[in-house]
Each structure stands twice: as structure tokens, then as C-alpha cells.
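Asks: First the structure, then my questions, so here it is.
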Amino acid sequence: MAGSLDSVRSKIRWAEKHRQAINAEVSGYFEKNAGLVVAELHPQLYGGGVSNVYGPPHPDSIALLIGDCLQNLRSALDYLVWELCLSAKREPGKHNAFPVCKSPESFKKRVKEDRLLDGVPEEAAAEIERLQPYQSGDLREYTRLWVLNELTNINKHRRILFTALNADTPSAAMVSSGYTGFGTELSRNMDMNEGLVAYIQFNEGVIAGQEVSGALRGLIDFVQTSVTPQFERFFS
């Protein structure tokens, strides 16, 4: 059986489908609770900045869909390793997987002892190593690959991911959180040029504070445009 990127791309597309479903759920939540989501402004912050946002609990379906999105996206990387083995006309096995490591020592150990990249062409294995979080030094825990791996592990092995309500001006939310345009306008005060817009954010880890859909879009873009194209030459 010849290797192909078709299954990898299918997983990425399915992750995007889940992200769109999250958008629909979030929009439905804010439409249903129009007027019930309230921002508490901090009087000592310039322009009356937001200190707290209150509203009815958002449905579990949002966190569950986030997990589905992440799981499909992380699986795309493992599929990639499987298909790379097939492209080299080697038989992949249950030991094969895409490593995500915080140090070169950990990477070497996992590749050697766990045989994660057995059967993967040497040049492709080198590309996988170049993508590792430890290549970013002190910023390793902020890389998209590490964030994707950590969030997926929490969702898969521990619990559904924590999320919370937040609010900001649309322009600030777009800059800091990848705001995608859905939510609900809460208020407009005299010292602000823009109204406040509520949204749902991640509430744990280095991704805490980022608007959910925008953060997921960034992870999907990373796998789709920064990872997958690096391996296309192995399937020609």
C-alpha cells in the first residue's frame, strides 16, 4: 500500500468541522442568553476595564467539541508518521507515532527506545526533529506543537478542558485572543471608543485567556500550513 497524505488532510479538515461546530454552539449560547451575560468593570482601570464576566454556564458540548477538534488534529500528526513509513515501503506498527519533546535528550530516547520513528525516512525524521518544541529554547512551552500536545493529553487522559467567559473591546480581543467575531455586545461606556464583546476563552495553561475558536484556528493552521507541506516531497 502506497503512502499518502490524504488521511492526514482528512483529519485536519475534520478538526476544522469541529471548530465550526464550536462556533455554532458558542453563537447559540450567546443568542439564548442575550442580556444575561454581564461584564463587571474595574473602576481603577483606564476606560473601566473588565474585571469579571458573569453569565449562565455554557454547555458541556463546547468543551467536548474542543476535545474532538484537538484529538483529530493531534491524530493527523500520528497519521503522518504512519504514512511516511508506507511511503518508504516499510511496514508501520503500533509503536509508530509523532513525538513531541521538550528536550533533545527526550527526543533521542523516545525515538530509540520507543521506536516512534522506525521506518520513517531519515530526511523525514530530521524534519520532525526540526519541528520539536525544544528547538525554540526557553519558549518551548509556548510553541503550537507543545500546546496542541498538552491540551490533547489533558482532554484524553484527565478531563474536559477548562473554559471561561471573558470580554474585551473587539479590537483588543482580536489582537490578544484571535477573536473571530462571534459573541455578544455587552455595553458601551463613555471612556471607550468601542463596545465590549463577550467570548469564551481557554482557562488553563499557556493558552489561558485566548478565545477558543481563534486559538484552535491557529493550531489547525500550524498543522495544515507549517507541518504537512514539509513532508509533501516524500509522497511524490
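Asks: What is the distance in Å between the Cα centres of the stretch 62-101 and the stretch 108-124?
Replies: Answer, in whole Å: 14.
Asks: Moving on to the next point. Between Asn153 and Glu31, what is the label-to-label distance in nm when each label sits 7 Å out along the Cα-to-Cβ direction?
Replies: Distance between the two pseudo-spin positions: 3.9 nm.
Asks: Also: List residues of the stretch 138-163, by number, whose backbone nitrogen lies under 13 Å from a label position 7 Å along Cα→C-beta of Ser106.
Replies: 138-143, 145-151, 153
Asks: Under 11 Å from the Cβ of Ile207, count the other residues' Cβ atoms, weight Lys and Arg +1, Asp and Glu -1, and hand me the total. Don't jump to the answer; show the numbers that get you there.
Replies: Details: positive: Arg144; negative: Glu141, Glu150, Glu204, Glu211.
So the surrounding residues net to -3.
Asks: Give me the net charge of Leu148's neighbourhood, meaning all other residues with Cβ under 15 Å from the Cβ of Leu148; Lys, Arg count +1, Asp, Glu -1. It would help to have the intermediate numbers written out before the result.
Replies: Working: positive: Lys11, Arg19, Arg74, Lys102, Arg140, Arg144, Lys156, Arg217; negative: Glu16, Asp68, Asp78, Glu141, Glu150, Glu204, Asp221.
In short, +1.
Asks: What is the stretch 59-112 by shape, rounded, prolate or oblate, if you read a ≥ b ≥ c off the alpha carbon gyration tensor as root eigenvalues and call it rounded for a/c under 1.5, prolate for a/b larger than b/c, and oblate otherwise?
Replies: oblate
Asks: Is the shape of the stretch 1-121 best called rounded, prolate or oblate, per the rule: a/c under 1.5 gives rounded, else a/b larger than b/c gives prolate, else oblate, with a ≥ b ≥ c the square roots of the Cα gyration tensor eigenvalues?
Replies: It is prolate, given that a/c is not under 1.5 and a/b is the larger ratio.
Asks: Give, as a single signed number, the net charge of other residues whose beta carbon lies under 14 Å from the beta carbon of Glu91, with Lys and Arg counted +1 and Asp and Glu -1.
Replies: Net of charged neighbours comes to +2.
Asks: Another question, then. For a quick check of your reading of the filter: which trypsin sites (Lys or Arg not before Pro) in the stretch 70-174 sit in a DSSP loop and have no more than 14 other Cβ atoms within 10 Å?
Replies: Lys89, Lys94, Arg115, Arg158, Arg159
Any read-out appearing in this document is the output of simple, stated calculations on the displayed coordinates, not a laboratory observation. Predicted model, so just to flag it, every value in this text is computed and none were measured. Note: ideal-geometry Cβ built from the backbone for every residue, glycine included; neighbour counts use all protein chains shown.
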